[in-house]
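J.: Let me give you the structure first, and then I'll get to my questions.
The values are calculated or read from the model by the stated rules, or taken from the named source; none is laboratory data. All values derive from a computational prediction rather than experimental measurement. All Cβ positions, glycine included, derive from the backbone under ideal geometry; neighbour counts span all protein chains shown. Protein only, heavy atoms only, side chains kept; ligands, DNA and RNA dropped before computing areas. Shrake-Rupley method; radii C 1.70, N 1.55, O 1.52, S 1.80 Å.
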Amino acid sequence: MKQRIALGWAGIDVGKGHHWICLIDEAGTTVWSTKVVNDEAAILDAIAGVLGHADEVVWGVDVTGTMSGLLLALLAAHGQRVRYVPGRTVNQMASAYRGEAKTDARDAYVIAETLRHRGDLQDVEVATSLVTELRLLVTHRTDLVGDRVRMVNRLRDVLSGYFPALERSFDYAHSRGALVLLTGYQTPHAIRRTGQSRLRAWLVKRKVRSADQIAAAALGAAKAQQTVVPGQDVAASIVADLAAQLLAIGARISDLEARITTTFRTHPQAEIIESLPGMGPILGAELVAAAGDLAAYANAGRLASAAGLVPVPRDSGRRTGNLHRPMRYSRKLRRVFYLSASAAMMRQGPNRDYYLKKRGQGHGHVQALIALVRRRVDVLWALLRDNRPFELAPPSREPMAQTA
């Protein structure tokens, strides 16, 4: 039987169908290396196999997304310490070893070697049930919104090909009434034949707001075009189908947003997050989904750094003070802070005052917005630390007790 080692490093090259696990010792020698199917029983056997070769193991993975969900959950259930080795780091480290082969076994070995040489890699924490639910809901909403944008663009493209006047008349991305109109009437002749009064009644029956304006605009566009474009009937059927799909996907997004709001407000600090100007329940849910455990950030600088708001120096020789945006940060977290700051800046209040102050100091729009975002991160972290909602007036301090 092979002698056990005191400390080992296990690198895992994560895959959708299978993982590859490589265990090395303190000298960098491979102790155990095997392919593991992404299945509970196979992963449990692999964990037992690795622990059978080492008294203590530090695990490393190159993917922390959905593909590694079961693996990370089983490792956490066994009390194992897991660290994240970014794929960019793995690629850079691979060039330091002999050979140009690219295999799962070699990648797992490089991950293990990176763990052995670097002790500053971030630990992987299995997200709580609430954070996991919000991540799934927020990601699904993002996909649906992307589908809606693509369908709106497709509808406008088809409609402009045979009825450009009607395509220019409405904002189909935000007007439900215009989409309802297209489910029943898509051609100039059909709209002219129906007339404004009957078209208005048809829209009112389907609970469309501003039915008068929509009917009048549609009739005006129909009167402006008398020519029948070749292929109009086929294009009209496609427009009707796209409009119906857009209405359906809009209803799905509304239901999903209601579910996200309900789920987010079960978070113990949801009220505090929503109290910050510009931060509604949807952005609040995206914040929790992107940041995870907000209590894990030791200070506001750590939270800002995770969002890429802390510049890093790139000095060389006489070139000093050369600051740049970091390459590794959470794009989703940065997006949440940008959108909330942009929304807050549009309304009167301290956020707009601070933005205008920076503009008055000679900063451009982007620089002023970044400064506002950075300040809001400090405010949000302080609110979460003190467990109190945002107030326009700063909290009053208790007067100092007078000594005799």
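J.: At R0 = 56 Å, how high is the FRET efficiency between LEU7 and SER210 if r is their beta carbon distance? Nearest 0.05 is fine.
T.: Here the calculated transfer efficiency is 0.20.
J.: Which FRET efficiency, nearest 0.05, do LEU130 and THR29 yield, Cβ-Cβ r, R0 45 Å?
T.: Efficiency, from the Cβ-Cβ distance: 0.55.
J.: Right, something else. Which label belongs to the value computed from this structure, given these candidates for mean projected area of the Cα convex hull in nm²: (1) 20.1; (2) 18.5; (3) 34.1?
T.: Given (1) 20.1; (2) 18.5; (3) 34.1, the structure-derived one carries the label (3).
J.: Rounded to the nearest 0.05, what FRET efficiency do TYR97 and ASN299 have when you use their Cβ-Cβ distance and R0 = 51 Å?
T.: Computed FRET efficiency for TYR97 and ASN299 comes out at 0.85.
J.: On a full-extension model of 0.36 nm per residue, what is the gain between ASP55 and ILE249, subtracting their alpha-carbon distance, rounded to one decimal in nm?
T.: 64.5 nm
J.: How tilted is helix 365-386 with respect to the longest principal axis of the chain? Cα atoms for both, answer in degrees (0 to 90, nearest 10).
T.: So the inclination is approximately 60 degrees.
J.: How much length would be gained if the chain were fully extended between LYS16 and ARG193, taking 0.36 nm per residue of separation minus their Cα-Cα distance, in nm to one decimal?
T.: Separation in residues times 0.36 nm, less the Cα-Cα distance, equals 58.0 nm.
J.: Okay, next question. Would the stretch 292-358 count as rounded, prolate or oblate if I go by the C-alpha gyration tensor, calling it rounded below 1.5 in a/c and otherwise prolate when a/b exceeds b/c, oblate otherwise?
T.: Taking the square roots of the gyration eigenvalues as a ≥ b ≥ c, the stretch 292-358 is oblate.
J.: A follow-up question, please. GLY8's amide H: which non-local residues (gap 5+, or another chain) put their own amide H closer than 5 Å, with H modeled 1.01 Å from N in plane and none for Pro or chain starts?
T.: Sorted by chain and number, the residues that satisfy this are GLU56, VAL57, VAL58.
J.: In nanometres, what is the gap between the two model label sites at ARG118 and ASP378, each 7 Å from Cα along Cα-to-Cβ?
T.: According to this spin-label approximation, the distance is 3.1 nm.
J.: Right, something else. Share of the stretch 56-151's accessible area from carbon and sulfur, percent, 1.4 Å?
T.: Answer for the stretch 56-151: carbon and sulfur cover 51 percent of the accessible area.
J.: Between helix 350-360 and the chain, what is the angle of the helix's C-alpha long axis to the longest principal axis, kept within 0 to 90° and rounded to the nearest 10?
T.: Result, in degrees: 90.
J.: Work out how much length THR66 to THR139 would gain on full extension: take 0.36 nm times their residue separation and subtract the Cα-Cα distance, in nm to one decimal.
T.: 25.1 nm
J.: Separation of the stretch 52-110 and the stretch 288-334 by C-alpha centroid, Å?
T.: If we compute the Cα centre of each part, the gap is 24 Å.
J.: Mind checking the angle between helix 40-51 and the chain's longest principal axis? C-alpha axes, 0 to 90 degrees, to the nearest 10.
T.: For helix 40-51, the angle is close to 30 degrees.
J.: What figure in square angstrom, to the nearest 10, would you give for the accessible area of MET346 with a 1.4 Å probe?
T.: Surface accessible to solvent at MET346 totals approximately 130 Å².
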